[in-house]
Amino acid sequence: MVEDDPRDVELSLTALEEYNLANEVVVVRDGEEALNYLTYQGQYAARPGGNPAVMLLDLKLPRIDGLEVLRRVKLDEKLRMIPVVVLTSSHEEKDLVASYTLGVNAYVVKPVDFHQFVNAIKELGVFWAVINAPPPGS
Amino acid sequence: MAASVSLIEVLLHCKEGFGNAKPLREERIPFDQAAHPDSPKRRYTWGRRIHAPANLLLQRNMLIIRRYGFAALSVVLALLPALLLQHYKFHDVELPLLLFATAFTAWHFGPGPAALSIVLSSLCFDYFFAPPLYSFTVTPADIPAIVVLISFAALITRFAAVRRRIEGELVQARDKLQLEVAERTQQASLLNLTHDTIFVRDMNDVITYWNRGAEELYGWPAAEAVGKSSRDLLRTVLPKTIDDISAEFLQTGRWEGEVKHVKADGSEVEVSSRWSLRRDEENKPAAVLETNNDITDRKRREEQIRGLNQELSKRSMALEASNKELEAFAYSVSHDLRAPLRHMVGFAELLQKSSSSRLDDKGQRYMRIILDSAKRMGILIDDLLAFSRIGRAETQKTPVNLDLLLKEALSEVQLETNGRDIGWKINKLPVCYGDRAMLRLVLVNLLSNAVKFTRPQSKPEIEVGCADGNTDELVVFVRDNGAGFDMKYVDKLFGVFQRLHHADAFEGTGIGLATVQRIIHRHGGKVRAEGVIDRGATFYFSVPKV
């Protein structure tokens with residue numbers, strides 16, 4: 001999960017806990033950290049191998065923003081297979097167009113309502129972690 | 001002799017009084033008449049006297065008789081002195097005298113009377129002077145004299161005839177010239193009448209004619225302008241090079257363009273100039289007629305308009321920029337405000353869930369208030385955002401079938417009725433012209449209001465219909481028999497977040513009617529409301545017809 005707002009992170013993790021998925025979530029706080037994680041650089045140089053089964057990506061991130069991360073991921077041979085779900089508060093047409101053009105797998109607008117937000121997170125988690133078959137090597 | 005001469009002069013003058021073949025003498029008027037042209041005494045000029053038009057034919061016959069009469073008379077008058085002289089034994093005078101008479105006749109009366117005169121002279125000569133006297137016999141000795149008489153007379157007659165002919169031609173030419181001159185002066189004076197600027201210059205640019213309009217425009221009187229080079233005098237500034245213009249001008253004979261000139265007082269004028277080329281008989285360029293129209297004012301105004309337009313476009317760009325700023329602001333406000341709101345609601349709920357057991361009733365109530373307030377804030381933000389979007393969004397105007405739209409709005413609103421039995425009275429609505437989505441919102445808001453405020457009624461009735469509009473717009477109304485409102489507060493009804501009822505009586509943010517008003521105003525229409533407390537309310541709005 002690439003998300004800079006800590007409270008949103010907490011809410012999301014609390015929601016995912018219901019399905020016992022919280023432990024399997026790696027949270028990074030901005031685009032740079034996300035790329036470092038994916039490319040085994042910086043503080044993640046020695047992390048255990050394997051791509052994540054899915055990447056929940058917020059678009060509004062400090063330093064390197066979400067679209068840039070998406071672009072780099074989809075350009076990289078080794079990272080291209082990672083399913084990316086953009087999870088953002090923006091429902092601007094231009095963000096949708098840009099994301100889909102770059103090859104995003106899903107685009108979810110963060111519901112304003114808390115309940116709906118929690119439901120969305122839960123359903124996302126269930127789908128990608130449980131129902132969907134992750135790409136090999138995840 | 002003198003007597004006869006003077007007699008003849010008198011004859012001349014009398015004849016001229018009646019004459020018809022002496023137009024050249026027309027100008028000769030007696031000196032005193034020339035000096036006093038307005039003299040009341042009507043003096044006869046030596047020229048033509050206008051006869052009464054009646055009996056023209058008779059007159060003409062009279063004239064002919066007169067002419068021939070005079071011819072005869074002149075012979076007689078020549079004869080008398082001749083006879084007299086004969087008596088006094090002066091010979092060889094008779095022939096010249098008779099010739100004189102014939103010459104006189106020929107000169108003044110024309111070939112016809114001259115012929116008569118010749119005949120009469122011959123007869124007289126033969127009778128009175130040729131032996132045998134007093135008889136009409138012709139002796140061989142007389143024949144030379146008669147022949148000379150006749151041929152000389154004929155010669156004089158011919159001279160006279162030629163002279164007449166030349167005179168006639170000269171007179172004709174002169175008349176024609178006079179007419180032409182009169183026409184030309186009339187044309188020139190017409191050219192001078194107009195206030196349009198017209199001047200003529202030759203191929204060396206020297207001005208040859210300068211009309212009054214040119215004097216008025218440029219300030220140079222004709223006397224000063226004629227003879228000068230127009231380019232120097234007016235300090236002409238041409239829009240293209242002179243060579244370009246000349247090429248076009250000499251080819252087509254016309255040129256039109258905007259030219260700058262300088263007036264006599266030094267001020268600049270801009271004129272719309274038209275040139276016409278006049279060619280001489282050999283088809284070579286001879287002169288240029290230039291007609292100019294002062295367009296300085298028009299140009300100045302065009303400049304002004306351009307300036308105003310520029311300003312306008314700058315202003316509208318600034319307006320657009322500020323609109324975009326507002327849009328960005330509204331958007332960021334809504335989104336940035338929503339995140340903490342979500343957190344408030346989220347964590348409050350989590351708190352509620354996790355510590356409801358540890359909270360007492362008061363604590364739980366406070367919890368609930370926190371949650372409700374957060375939720376309400378969310379609704380307010382949403383409403384505000386939607387309201388601002390109305391102002392920013394582009395209207396897409398098309399013909400809209402209100403009947404169909406009403407059905408859609410009704411189906412949306414039905415969800416709010418909660419199974420209540422509402423008496424709907426839907427009248428036929430016409431087609432109007434406007435933005436479909438926005439008008440749908442108007443109907444939804446008004447209907448949902450009607451549904452909401454008829455909740456306390458046991459038999460709620462809601463009516464939708466068309467009222468009398470005018471030629472350009474139609475008026476739609478939504479009437480309910482619900483809670484109504486006090487007309488005292490009708491002005492507040494459409495205000496943003498204004499509510500006339502307590503929140504616990506009827507929920508709502510107070511933005512529904514404000515939205516309706518905003519939308520209708522964007523369509524150029526009006527909204528209106530009437531209400532009676534506890535009896536109901538009617539809301540009217542007008543939309544343009546198709």
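The values are calculated or read from the model by the stated rules, or taken from the named source; none is laboratory data. This is a predicted model, so every value here is computed, not measured. Quick reminder, even Gly has a Cβ in these numbers, built from the backbone with ideal geometry, and neighbours come from all protein chains shown.
Pull up region A:1-29, narrow it to residues that are within 14 Å of chain B (Cβ to nearest Cβ) and among the polar types (S, T, N, Q), then point me to the one that is surrounded by the fewest Cβ atoms within 10 Å (Cβ to Cβ).
A:Thr14
For residues in region B:348-393 being small (Gly, Ala, Ser), farther than 30 Å from B:Ala330 by Cα and part of a helix (DSSP H, G or I), which is modelled with the highest pLDDT?
B:Gly363
Determine whether region B:397-408 contains at least one residue that is more than 14 Å from every other protein chain (Cβ to nearest Cβ), closer than 30 Å to B:Pro340 by Cα and assigned to a helix (DSSP H, G or I).
No, there is no match, as no residue in region B:397-408 is more than 14 Å from every other protein chain (Cβ to nearest Cβ), closer than 30 Å to B:Pro340 by Cα and assigned to a helix (DSSP H, G or I).
Got at least one residue in region A:49-59 being within 14 Å of chain B (Cβ to nearest Cβ), buried (at least 16 other Cβ atoms within 10 Å of the Cβ) and part of a strand (DSSP E or B)?
no
I need every pair where a residue in region A:122-138 that is more than 19 Å from A:Val104 (Cα to Cα) has its Cβ under 8 Å from the Cβ of a residue that is buried (at least 16 other Cβ atoms within 10 Å of the Cβ), sequence separation at least 6 or different chains.
So the pair list comes out as A:Lys122/A:Ala15; A:Lys122/A:Leu16; A:Gly137/A:Asn51.
Picking from B:Thr538, B:Thr454, B:Thr509, B:Thr515, which residue would you name as being of a type in the set (Ser, Thr, Tyr) and modelled with pLDDT under 85?
B:Thr509
Quick one: would you say B:Asn481 is under 14 Å from B:Leu513 (Cβ atoms) and in contact with a Ser or Thr (Cβ under 7 Å, 6 or more places away or on another chain)?
On the way: under 14 Å from B:Leu513 (Cβ atoms): no; in contact with a Ser or Thr (Cβ under 7 Å, 6 or more places away or on another chain): yes.
No: the conditions fail for B:Asn481.
Any residue that is assigned to a helix (DSSP H, G or I), buried (at least 16 other Cβ atoms within 10 Å of the Cβ) and of a type outside the set (Phe, Trp, Tyr) - is there at least one of those in region B:187-205?
Here is the first cut: in region B:187-205, the ones assigned to a helix (DSSP H, G or I) are B:187-193.
Subset that is buried (at least 16 other Cβ atoms within 10 Å of the Cβ): B:191-192.
Now narrow it down to the ones that are of a type outside the set (Phe, Trp, Tyr): B:191-192.
Checked region B:187-205: at least one residue is assigned to a helix (DSSP H, G or I), buried (at least 16 other Cβ atoms within 10 Å of the Cβ) and of a type outside the set (Phe, Trp, Tyr).
If the Cβ limit is 7 Å and pairs must be 6+ apart or interchain, which residue in region B:498-512 that is charged (D, E, K, R) pairs with which residue that is at pLDDT 75 or above?
B:Arg499/B:Gly508; B:Arg499/B:Gly510
Per-residue answers, yes or no, for (1) of a type in the set (Ser, Thr, Tyr); (2) more than 25 Å from B:Ala374 (Cβ to Cβ); (3) within 14 Å of another protein chain (Cβ to nearest Cβ); (4) surrounded by 13 or more Cβ atoms within 10 Å (Cβ to Cβ):
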| site | (1), (2), (3), (4) |
| --- | --- |
| A:Glu93 | no, yes, yes, no |
| A:Val97 | no, yes, no, no |
| A:Phe117 | no, no, yes, yes |
| A:Ile121 | no, no, yes, yes |
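Determine which single condition B:Gln457 fails, assuming it passes every other condition in (1) polar (S, T, N, Q); (2) within 27 Å of B:Gly531 (Cα to Cα); (3) assigned by TED's automatic domain parsing to the domain that holds B:Leu350.
In the conditions (1) polar (S, T, N, Q); (2) within 27 Å of B:Gly531 (Cα to Cα); (3) assigned by TED's automatic domain parsing to the domain that holds B:Leu350, B:Gln457 misses (3) alone.
Is it true that A:Glu68 is surrounded by fewer than 18 Cβ atoms within 10 Å (Cβ to Cβ), among the acidic types (Asp, Glu) and either closer than 15 Å to A:Ala15 by Cα or within 14 Å of chain B (Cβ to nearest Cβ) (or both)?
It is false that A:Glu68 is surrounded by fewer than 18 Cβ atoms within 10 Å (Cβ to Cβ), among the acidic types (Asp, Glu) and either closer than 15 Å to A:Ala15 by Cα or within 14 Å of chain B (Cβ to nearest Cβ) (or both).
Residue pairs, Cβ under 9 Å, 6 or more apart or interchain, first in region B:264-288 and touching a residue at least 40 places away in the same chain (Cβ under 8 Å) and over 11 Å from B:Leu250 (Cα atoms), second outside any strand (DSSP E or B) and hydroxyl-bearing (Ser, Thr, Tyr). List them.
Partner pairs satisfying both residue conditions: B:Ala264/B:Tyr218; B:Val269/B:Tyr218; B:Val269/B:Thr296; B:Val271/B:Thr296.
Assuming B:Arg306 fulfils every condition listed in (1) surrounded by 15 or more Cβ atoms within 10 Å (Cβ to Cβ); (2) at pLDDT 90 or above; (3) charged (D, E, K, R); (4) part of a helix (DSSP H, G or I) apart from one, which condition is it?
So the condition that B:Arg306 fails would be (1).
Quick check on my filter: what residues within region B:310-339 are surrounded by 13 or more Cβ atoms within 10 Å (Cβ to Cβ), within 14 Å of another protein chain (Cβ to nearest Cβ) and among the hydrophobic types (A, V, I, L, M, F, W, C)?
B:Ala330, B:Val333, B:Leu337, B:Ala339
Do you know which residues across region A:83-96 are closer than 17 Å to B:Tyr331 by Cβ and either among the β-branched types (Val, Ile, Thr) or in contact (Cβ under 8 Å) with a residue 12 or more places away in the chain (or both)? Explain how you work it out, then say what you get.
So in region A:83-96, the residues closer than 17 Å to B:Tyr331 by Cβ come out as A:88-96.
A:Thr88, A:Ser89, A:Ser90, A:His91, A:Asp95, listed by residue number.
Taking B:Gly227 as meeting all but one of (1) closer than 25 Å to B:Thr185 by Cβ; (2) part of a helix (DSSP H, G or I), write down the number of the exception.
All conditions pass for B:Gly227, except number (2).
Would you mind stating whether B:Leu371 is farther than 28 Å from B:Gly512 by Cβ and either basic (Lys, Arg) or within 14 Å of another protein chain (Cβ to nearest Cβ) (or both)?
no
Can you tell me which residues in region B:478-514 are out of contact with any Gly (no Cβ under 6 Å at 6 or more places or on another chain) and in a strand (DSSP E or B)?
Result: B:Val478, B:Arg479.
Consider B:Ile166 carefully, then state whether it is assigned to a helix (DSSP H, G or I), among the β-branched types (Val, Ile, Thr), at pLDDT 80 or above and under 20 Å from B:Pro81 (Cβ atoms).
Spelling it out, it is not the case that B:Ile166 is assigned to a helix (DSSP H, G or I), among the β-branched types (Val, Ile, Thr), at pLDDT 80 or above and under 20 Å from B:Pro81 (Cβ atoms).
Conditions first: (1) hydrophobic (A, V, I, L, M, F, W, C); (2) within 17 Å of B:Gly346 (Cβ to Cβ); (3) not in a helix (DSSP H, G or I). A:Val118 passes all but one, so which condition is the exception?
Condition not satisfied by A:Val118: (3).
Would you point out the residue of region B:215-235, among those that are touching a residue at least 24 places away in the same chain (Cβ under 8 Å) and buried (at least 18 other Cβ atoms within 10 Å of the Cβ), that is nearest to B:Asp196 (Cα to Cα)?
B:Leu217
Go through the residues of region B:327-337 one by one and say whether even a single one is closer than 30 Å to B:Ser542 by Cβ and part of a helix (DSSP H, G or I).
There is at least one residue in region B:327-337 that is closer than 30 Å to B:Ser542 by Cβ and part of a helix (DSSP H, G or I).
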